[in-house]
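Comments concern the structure below.
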Amino acid sequence: MEHLTPTMKHLVALAVLLGFSLTASAEDVRHQPLKDLNGYFPFHPPGSLGEWEQRKECVRRQILVAAGLWPMPTKTPLGAVIHGKIDCDGYTVEKVYFESAPGLFVTGNLYRPKNTQGRVPAVMFAHGHRKDARFYLTPEETLRKKIADGEERFERAGRSNYQAQCRQLALMGCMVWQWDMLGDSDSIQLSRQLVHGFAKQRPEMNTTEHWGLYSPQAEAHCQNIMGLQTLNAIRGLDFLLSLPEVDPQRTAITGGSGGGTQTMLLAAIDDRIQLSFPVVMVSTAMQGGCTCENASLLRVNTGNVEFAALFAPKPQGMNSANDWTKEMAAKGFPELRQLYAAYGKKNNVFLQRGEHFPHNYNAVTRSAFCTSLLKHFRLGFPAPVIEQDFDPLPPER
């Protein structure tokens, strides 16, 4: 190196420190094609649990940093308002709103079981990208096709898979919190277009002060929609655990599609969750196509299967469908089971196969989740769980 100038020597030393090779620059990942959400995101279980525990902490920290939640913002009073109780057969439904941060409101429905003894399990139910999801009623023509294909069972109950799930869980003795994603149903402070359909930069928001979401300033500060939604989920769990009837040792989260992403993320970063069931989202393929599911830094050298792996060895279920999860049985799930086996908990993770169904959270998948909850929370009902028919509440109620 005698022929190198002092500056060049410093650069060489820096390159060595950073792990770069001057003779193999073609192997530098920065020379490779850009990776987008439709790339391949495999999970490679580590050689030992000791290695995994180090890796686990690193990935958890990466999620929190990407979401702008490290360090965690100071938790302020929720100021929860519970109102408008509707008395149903075996359960009640109430409307709820609270502030996850000062001025940012979370809205949803709380389902409570009747005639309970002692503390009850709590379930968080996150929805995906269907517009006005909590209010949605499936059109009759669409529902009839779902019944014919085996996705749903009843002409009445099948009108709202969201209510069907919450009702069934409440009848099994669970407290259920179904909340609105940002920009949906009653959560209208940020528009649906801004939250889920952003595609064009806004020059007026790219300022040195008072910048807006998606600007370079916001991204540099890890301020993003995904982080806000994840904060809402964390505070939703705070809300549930503030209810005196809830058993903090029996808490679960589930959700389909975008709700599956929220399920994975909360389960990965919040140790208070005891059972997780992300639906149609755990995959080595497409990782989530919305701005509410992605953030700068989030999936650098990691992906959804590893996010799900962070929950091991606690009970976890997932499913496959005729979408980006269709290869899960061969790519992703075997590696997850290998990790669970290393903990001695191989049977704590399972895959509900459903490649003959389209992207869904249908009656078959709902039964799989409820049956999993039945098993691990020892609810004392016959298995497998089969929903009964009922009349969904109309949106205006």
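Things to note:
- Carbon + sulfur, % of accessible area of the range 32-95 - ligands and nucleic acids excluded, 1.4 Å: 56 percent
- Within the chain, longest stretch free of exposed chymotrypsin sites (Phe, Trp or Tyr not before Pro) [DSSP loop, at most 15 other beta carbons within 10 Å]: 155-342
- Degrees, to the nearest 10: 6-17 long Cα axis against longest axis of the chain: 30 degrees
- Accessible area (Å², 1.4 Å probe, nearest 10) - LEU190: 40 Å²
- Low-density loop cleavage sites - trypsin sites (Lys or Arg not before Pro) in the range 178-250, where at most 11 other Cβ are within 10 Å (DSSP): LYS200
- Its relative contact order, with pairs defined as Cα atoms under 8 Å and 6+ residues apart, puts the chain at 18 percent.
- Length gained on full extension, ASN38 to GLN189: 51.3 nm, using 0.36 nm per residue less the C-alpha separation.
- The range 203-249, accessible surface, carbon-and-sulfur percent (1.4 angstrom probe): 61 percent
- Label-zone membership for the range 320-334, site VAL29, 7 angstrom Cα→C-beta point, backbone N under 11 Å: none
- Helix 49-66 axis versus longest C-alpha principal axis of the chain: approximately 80°, rounded to the nearest ten.
- Exposed GluC sites (Glu not before Pro) absent - longest run of the chain, DSSP non-H/G/I/E/B, at most 10 other C-beta within 10 Å: 3-208
- Note on the chain: antiparallel DSSP beta bridges, both residues inside, total approximately 50 percent of the bridges counted.
- Accessible area (Å², per residue) of the chain, counting only protein heavy atoms and a probe of 1.4 Å: 48 Å²
The values are calculated or read from the model by the stated rules, or taken from the named source; none is laboratory data. Predicted model only: the values in this text are computed from it and were never measured. Neighbour counts are summed over all protein chains in view; Cβ atoms, including those assigned to glycine, are modelled from backbone coordinates with ideal geometry. The protein model used for the area step is the full one, side chains on, heavy atoms only, and it has no ligands, DNA or RNA in it. Shrake-Rupley method; radii C 1.70, N 1.55, O 1.52, S 1.80 Å.
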